[in-house]
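J.: Input: one structure, supplied below.
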Amino acid sequence: MAIEHRAPIESGCPDGFQYMHPVMRKNYGAWDYHEHPRPGVLLHVAKTGDQIWTVRAGTQRILDVFTLRTLCDIGDKFADGYVRFTIRSNIEYMVADEAKVQPMIDALEAEGFVVGGTKNSVAMISHTQGWLHCDIPGTDASGVVKAMMDELIDEFKENNMPNRVHMTTSCCQINCGGQGDIAINVQHTKPPKINHDLVSNVCERPSVVARCPVAAIRPALINGKASLEVDEKKCICCGACFPPCPPMQINDAEHSKLAIWVGGNHSNARGKPTFQKLVAAGIPNNPPRWPEATAIVKRILTAYKEDARDWERINDWVERVGWPRFFELTGLPFTKFHIDNWRGARRSLNSSTHIRF
Amino acid sequence: MADQHHDTPMLDELENGPWPSFISGIKRLRDKHDDTRIKGMANDLLGQLEHSYETRKGYWKGGTVSVFGYGSGIIPRFSEVGDAFPESREFHTLRVQPPAGNYYTTDMLRQLGDSWEKWGSGLVTFHGQTGNIMFIGTSTDNTQHFFDEINEYGWDLGGAGPCVRTGMSCVGAARCEMSGLDEMKIHRTLLNNFTDDVHRPALPYKFKFKVSGCGNDCMNSIERSDFAIIGTWRDDMKVDQEEVKKFVARKGREYVIDNVVTRCPTKALSLRDDDTMDVDNRNCVRCMHCMNVMVKALSPGDDQGATILIGGKRTLKIGDLMGTVVVPFMRLKTDEDYEKLTEMAEETIDFWAENGLEHERCGEMVERIGLVNFLEGVGIEVDPNMVNEPRQSSYVRMDGWDEEAEKWFKRKAEEKVVAAS
């Protein structure tokens with residue numbers, strides 16, 4: 001007998017107005033200006049003169065229902081029951097009454113949440129799940145981020161940076177964390193180890209061959225079994241073959257390293273958007289607290305904070321002072337691996353006499 | 001159960017330090033929840049995670065799980081070490097579409113939390129990097145139950161796999177004076193036009209819409225979406241000269257010259273001797289920097305609309321790609337304007353569905369076939385705003401130059417007529 005199934009209601013994306021604070025609903029599209037009274041707090045003023053005060057707080061991102069309810073309790077008590085989340089997974093409470101702001105900050109901090117993340121702070125690190133849930137992770141982004149934010153918490157709570165610093169973490173080169181002023185990403189350094197007993201059962205071989213960016217994979221008969229082989233000289237260790245073919249194990253306890261990239265900037269402000277550039281690699285993937293990665297990030301932040309001018313993002317700063325100076329100020333080694341050889345790489349080479357001495 | 005916890009010496013280290021700890025949260029579920037199912041699931045999840053920390057490897061594999069009628073929206077996870085950690089052996093995530101701008105009432109969050117506690121692990125993230133609410137961890141059976149329950153009160157699954165993915169929009173017009181768009185309307189109009197393509201993966205690969213109200217592009221739409229809609233304006237920016245004077249008086253001329261005037265990428269600003277601001281609007285590229293600094297004094301103009309870029313994506317397979325301008329300005333006011341936007345998105349997706357290779361993002365296809373072939377395929381005329389500079393290479397066949405030049409003059413003449421009417 002056929003089982004009765006409930007047909008889904010294909011409602012798609014819900015209408016957000018029903019969840020929006022009434023003052024924001026009323027003044028939709030009619031805002032005049034904003035101010036930044038203190039780190040973690042924004043004041044937006046509408047053309048009608050209406051005000052909305054926003055308090056932003058960092059959380060552990062992976063919320064248990066107890067924490068979710070604590071956040072809701074604070075919202076009920078101080079924020080008229082309305083919240084939103086930023087792209088970097090901070091929670092925001094919005095109120096029309098300034099008098100509620102300080103008590104709300106006190107309540108959030110009393111519960112261990114961190115008020116900040118606005119303007120020229122080190123914002124919350126954007127990341128995905130890692131070992132907690134992903135099927136292809138080289139590391140645990142959630143753990144890297146927790147350990148790093150422990151060390152950067154004062155920079156999240158204050159506005160001491162020349163401009164905002166967006167950081168991201170990714171557990172493989174797919175780079176789910178995205179572009180960032182500073183990105184901490186897994187970088188594999190050895191070709192995949194192939195379990196030839198499993199390939200023909202698990203993998204659709206032509207699509208695995210097609211996934212390889214450098215055409216290093218080809219079908220092969222290994223020990224009488226249909227499998228795949230990798231030209232290890234050509235292989236760039238990107239791991240693109242691993243998602244469609246798990247027997248091509250790319251993650252390695254020793255040889256999957258972390259690399260750090262800087263200067264990714266999504267904004268069109270001043271210059272056009274920029275992609276991040278490699279600055280450090282070979283960093284051990286060292287749980288549970290990844291101290292080596294954090295130490296390099298802090299060196300970069302210190303140099304940026306001391307040397308950049310107001311409003312310069314990291315990419316603006318390096319563009320002004322030049323890459324040789326960046327490596328000098330951060331004490332990071334410049335190696336042959338920093339010189340790009342991927343398609344379009346020539347545009348990254350200096351074809352001029354523009355050299356700082 | 002409470003006495004038989006897996007030892008987690010490495011994870012315990014992540015309970016130290018001032019930032020809120022996700023490990024402490026999972027332990028709360030293990031130790032303090034009333035439901036033994038959730039307790040057991042949290043315990044085994046911690047056990048497997050500790051095992052990952054010790055061996056520096058992940059132990060989840062994908063599979064096929066979906067809800068009735070859909071082929072998408074669930075991230076299936078089966079443990080490879082399920083015998084050691086049986087209660088989190090199946091640990092699927094449901095991707096649920098949030099409203100544009102990520103607004104919630106606490107009542108709704110509580111309701112979602114209650115449902116999730118009934119059917120899932122009690123772990124949730126607002127939001128994943130694609131923009132979904134991530135309900136992390138449930139069994140194959142309970143996936144359907146949880147979806148059925150929340151679907152009844154207004155929530156639907158997002159995309160996963162080769163399909164139209166959940167969109168993202170900035171806070172926009174709801175709270176930001178920089179916004180030149182109705183992000184909520186654009187987001188819902190587009191996403192809900194493609195509901196079928198969200199739920200039933202039948203495209204070459206993922207396709208993402210992101211909406212940012214201005215060039216600050218808080219949604220990273222140029223870098224991270226296949227179809228970026230970004231607010232802009234065509235008329236002059238607004239200058240409140242009294243506010244300019246106040247700003248100069250407060251911050252000093254040196255600050256204004258160093259941080260506003262000389263930072264303009266097209267040298268379109270000049271501070272006059274009387275401390276007012278002169279703007280060369282013809283050469284302003286709407287970068288937003290001066291407005292970010294002088295929030296009260298400078299603001300966007302009134303003739304607002306969107307710039308549309310196609311083809312942004314992250315690293316795999318061919319390397320990072322930014323989106324490319326395909327529409328310098330599209331007005332988005334009337335129903336017809338919105339129909340035009342939707343039609344353009346349909347044309348784009350249809351053309352890519354026809355011509356994209358398996359696992360090839362739209363931007364990678366454009367890279368492979370060239371922008372002109374894409375534009376001709378979707379019926380968009382070329383425009384110099386699409387390039388940083390014209391071609392440098394002479395290696396090109398130019399049959400039909402005269403016809404193409406004629407097309408340009410004809411189009412320009414027509415634009416003049418439209419502008420005059």
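Derivation of every value follows stated rules applied to the coordinates shown; laboratory data play no part. Predicted, not measured: the structure shown is a model, and the values here were computed from it. Glycine gets a Cβ as well: all are built from the backbone with ideal geometry, and neighbour counts include every protein chain shown.
J.: Rounded to the nearest 20 Debye, what is the dipole magnitude of the stretch A:248-314 about its Cα centre when Lys and Arg each give +1 and Asp and Glu each give -1 at the C-beta? Could the numbers behind the result be given before it?
T.: Numbers: 10 positive and 7 negative charges, 53 e Å.
About 260 debye.
J.: Mind jotting down the distance between the C-alpha centroids of the stretch B:34-72 and the stretch B:80-115, whole Å?
T.: The distance from the Cα centre of the stretch B:80-115 to that of the stretch B:34-72 comes to 12 Å.
J.: While we're looking at this one, here's another question. Relative contact order for chain A: what is it in percent, counting Cα pairs under 8 Å that are at least 6 residues apart?
T.: On the way: 642 pairs, mean separation 41.8, N = 357.
Relative CO of chain A lands at 12 percent.
J.: Taking only Cα atoms and a 10 Å spring cutoff, compute GNM fluctuations for chain A and point out the largest among A:V41, A:V297, A:V209.
T.: Looking only at A:V41, A:V297, A:V209, the largest GNM fluctuation is found for A:V209.
J.: For the stretch B:123-279, what is the per residue volume of the convex hull drawn over the alpha-carbon atoms, in cubic angstrom?
T.: Numbers: hull volume 26.4 nm³, N = 157.
Enclosed volume per residue, from the Cα hull, is 168 Å³.
J.: What three numbers, in Å, describe the spread of the alpha carbons of the stretch B:1-157 along their principal axes, ordered from the longest?
T.: 41, 35, 30
J.: For A:137-145, what's the mean count of beta carbons from other chains sitting within 10 Å of each residue's beta carbon?
T.: Details: counts 5, 3, 4, 7, 0, 6, 10, 0, 2.
Per-residue shielding by partner chains comes out at 4.
J.: Something else: Translational diffusion coefficient of the stretch A:98-220 at 10 °C, 1.306 mPa s, Stokes-Einstein with Kirkwood Rh over Cα pairs, in µm²/s as a whole number.
T.: Stokes-Einstein gives a translational diffusion coefficient of 90 µm²/s.
J.: Report the Stokes-Einstein translational diffusion coefficient (µm² s⁻¹, integer) for chain B, Rh taken as the Kirkwood radius over Cα pairs, at 4 °C with viscosity 1.567 mPa s.
T.: Rounded to a whole number, D works out at 52 µm²/s.
J.: Continuing with this model, one more query. Output the Cα-based Rg and Dmax of the stretch A:78-144 in Å, rounding Rg to one decimal and Dmax to a whole number.
T.: Radius of gyration, then largest Cα-Cα span, for the stretch A:78-144: 15.4, 48 Å.
J.: Below 8 Å between Cα atoms, with a sequence gap of 6+, how large is the relative contact order for the stretch A:9-165 in percent?
T.: Working: 249 pairs, mean separation 32.7, N = 157.
Once normalised by length, the contact order is 21 percent.
J.: Can you give me the P(r) profile for the stretch B:55-106? Cα pairs, bins 5 angstrom wide beginning at 0, each as a whole percent.
T.: For the stretch B:55-106, the binned pair fractions read 5, 16, 19, 17, 14, 13, 10, 6, 1 percent.
J.: To one decimal place, what Kirkwood hydrodynamic radius in Å is obtained for the stretch A:1-138 from all pairs of distinct Cα atoms? Numbers along the way, then the final one.
T.: Values: mean 1/r = 0.0585 Å⁻¹.
Hydrodynamic radius (Kirkwood, Cα only) of the stretch A:1-138 equals 17.1 Å.
J.: Given axes a ≥ b ≥ c from the Cα gyration tensor, I'd like to know whether the stretch B:293-374 is rounded (a/c under 1.5), prolate (a/b larger than b/c) or oblate. Mind dumping the intermediate values first?
T.: Details: a/c = 3.22, a/b = 1.58, b/c = 2.04.
Here the stretch B:293-374 falls in the oblate category.
J.: How high is the relative contact order of chain B, in percent, with contacts defined as C-alpha pairs under 8 Å that are six or more residues apart?
T.: On the way: 738 pairs, mean separation 43.8, N = 421.
Relative CO of chain B lands at 10 percent.
J.: Using +1 on the beta carbon of Lys and Arg, -1 on that of Asp and Glu, and nothing else charged, what's the dipole of the protein assembly as shown about the Cα centre, debye to 20?
T.: Numbers: 92 positive and 110 negative charges, 401 e Å.
Value, rounded to 20: 1920 debye.
J.: Rg and Dmax of the stretch B:195-330, using alpha carbons, in Å: what are they?
T.: 18.6, 62
J.: How big is D for the stretch A:219-278, in µm² s⁻¹ as a whole number, if Stokes-Einstein is applied with the Kirkwood radius of its Cα pairs at 10 °C and 1.306 mPa s?
T.: On the way: Rh = 15.1 Å.
Estimated diffusion coefficient is 105 µm²/s.
J.: Within 10 Å of each Cβ of A:75-86, how many other protein chain Cβ atoms are there on average?
T.: Working: counts 6, 4, 1, 0, 1, 2, 7, 5, 8, 10, 9, 6.
The per-residue average across the peptide is 5.
J.: Also, quick follow-up: For peptide A:240-249, compute the average count of partner chain beta-carbon atoms within 10 Å of each residue's beta-carbon.
T.: Values: counts 4, 0, 0, 3, 1, 0, 3, 0, 0, 1.
Across A:240-249, the average partner-chain Cβ count within 10 Å equals 1.
J.: I've got another one for you. Hey, what does the equivalent ellipsoid look like for the stretch B:379-420, semi-axes from the Cα gyration tensor as sqrt of 5 times each eigenvalue, largest first, whole Å?
T.: Numbers: eigenvalues 112, 40, 13 Å².
Three semi-axes, in Å: 24, 14, 8.
J.: Over the stretch B:73-199, what per residue volume does the convex hull of the Cα atoms give, in whole Å³? All intermediate terms of the calculation are to be shown ahead of the outcome.
T.: Details: hull volume 14.3 nm³, N = 127.
Cα-based convex hull of the stretch B:73-199, divided per residue, equals 112 Å³.
J.: How big is the equivalent ellipsoid of the stretch B:236-283 along its three axes, where each semi-axis is √(5λ) from the Cα gyration tensor, reported in whole Å from largest to smallest? It would help to have the intermediate numbers written out before the result.
T.: Values: eigenvalues 57, 34, 12 Å².
Calculated on Cα positions only, the semi-axes equal 17, 13, 8 Å.
J.: If I histogram all Cα-Cα distances within the stretch A:200-357 using bins 5 Å wide from 0, what percent of pairs lands in each bin?
T.: Cα pair-distance distribution for the stretch A:200-357, in percent: 1, 7, 13, 15, 15, 13, 12, 10, 7, 4, 2, 1, 0.
J.: Output the peptides B:411-419, A:251-259 sorted from most to least packed, where packing is the average of other Cβ atoms within 10 Å over each peptide's residues.
T.: Working: B:411-419: 9.4, A:251-259: 19.1.
The most tightly packed comes first, giving A:251-259, B:411-419.
J.: Still on this model: Tell me which of B:L309, B:L321, B:W352 sits at the most positive position along the dipole axis of the stretch B:304-358, charges placed on C-beta atoms (Lys, Arg +1; Asp, Glu -1).
T.: Farthest along the dipole direction, towards plus: B:L321.
J.: May I ask you to order A:310-317, A:164-171 by the average number of other C-beta atoms within 10 Å around their residues, highest value first? Walk me through the numbers on the way to the answer.
T.: Working: A:310-317: 21.8, A:164-171: 26.4.
In decreasing order of mean packing, A:310-317, A:164-171 become A:164-171, A:310-317.
J.: Compute the distribution of all C-alpha to C-alpha distances in the stretch B:212-292, in bins of 10 Å from 0, and list the percent of pairs in each, rounded to whole numbers.
T.: Spelled out per bin, shortest first, that is 17, 43, 28, 10, 1.
J.: In Å and on Cα atoms, what radius of gyration and Dmax does the stretch B:319-421 show?
T.: For the stretch B:319-421, the Cα radius of gyration and maximum Cα-Cα distance read 15.8, 47 Å.
J.: Now, a different point. Share of Cα-Cα pairs in the stretch A:288-353 beyond 21 Å, in percent?
T.: Details: 802 of 2145 pairs.
Above the 21 Å cut-off, the stretch A:288-353 has 37 percent of its Cα pairs.
J.: Going by how many other Cβ atoms sit within 10 Å of their own, how do B:Y395, A:Y19, B:Y59, A:Y93 line up, fewest first? Don't skip to the end; give the middle numbers.
T.: Numbers: B:Y395 5, A:Y19 23, B:Y59 20, A:Y93 27.
Fewest-to-most ranking of B:Y395, A:Y19, B:Y59, A:Y93: B:Y395, B:Y59, A:Y19, A:Y93.
J.: Also, I was wondering about something else. Could you give the spread of the C-alpha atoms of the stretch B:212-252 along their three principal axes, from largest to smallest, in whole angstroms?
T.: Principal-axis extents of the stretch B:212-252 (Cα, largest first): 44, 23, 10 Å.
J.: Arranged from highest to lowest average of other beta-carbon atoms within 10 Å per residue, in what order do the peptides B:37-43, B:372-378 appear?
T.: On the way: B:37-43: 22.9, B:372-378: 17.0.
Highest to lowest by the protection proxy: B:37-43, B:372-378.
J.: What size of dipole, in debye to the nearest 20, comes out for the stretch A:36-129 about its Cα centre when the only charges are +1 on Lys and Arg C-beta atoms and -1 on Asp and Glu C-beta atoms? Please list the in-between numbers first.
T.: Working: 10 positive and 11 negative charges, 82 e Å.
Using Cβ point charges on Lys, Arg, Asp and Glu, the stretch A:36-129 gives about 400 debye.
J.: So, one more: Which cysteines does chain A leave without a neighbouring Cys Cβ under 4.7 Å?
T.: Lacking a cysteine Cβ partner under 4.7 Å: A:C13, A:C72, A:C134, A:C171, A:C172, A:C176, A:C212, A:C235, A:C237, A:C238, A:C241.
J.: Just need log10 I(q)/I(0) for the protein assembly as shown at q = 0.04, 0.09 Å⁻¹, Debye formula, equal scatterers on the alpha-carbon atoms, no solvent, rounded to two decimals.
T.: Computed log10 I(q)/I(0) values: -0.16, -0.86.
J.: Please state the shape class of chain A: rounded when a/c is under 1.5, otherwise prolate if a/b exceeds b/c and oblate if not, all from the C-alpha gyration tensor. Walk me through the numbers on the way to the answer.
T.: On the way: a/c = 2.17, a/b = 1.34, b/c = 1.62.
It comes out oblate by the Cα gyration axes.
J.: While we're looking at this one, here's another question. Could you give the length gained on full extension between A:E254 and A:D231, defined as 0.36 nm per residue of separation minus the Cα-Cα distance, in nm? If you can, show how the numbers build up before the last one.
T.: Details: separation 23, 0.36 × 23 = 8.28 nm, distance 2.13 nm.
Extending this stretch completely gives an extra 6.2 nm.
J.: Further, regarding this structure: As a test of the formula, what do you get for chain B when each DSSP H run with n ≥ 4 contributes -39,500 (n - 2.57) and the sum is divided by the residue count, at 222 nm and rounded to the nearest 500 deg cm²/dmol?
T.: Values: 15 runs with 162 residues, N = 421.
Calculated at 222 nm, the ellipticity per residue is -11500 deg cm²/dmol.
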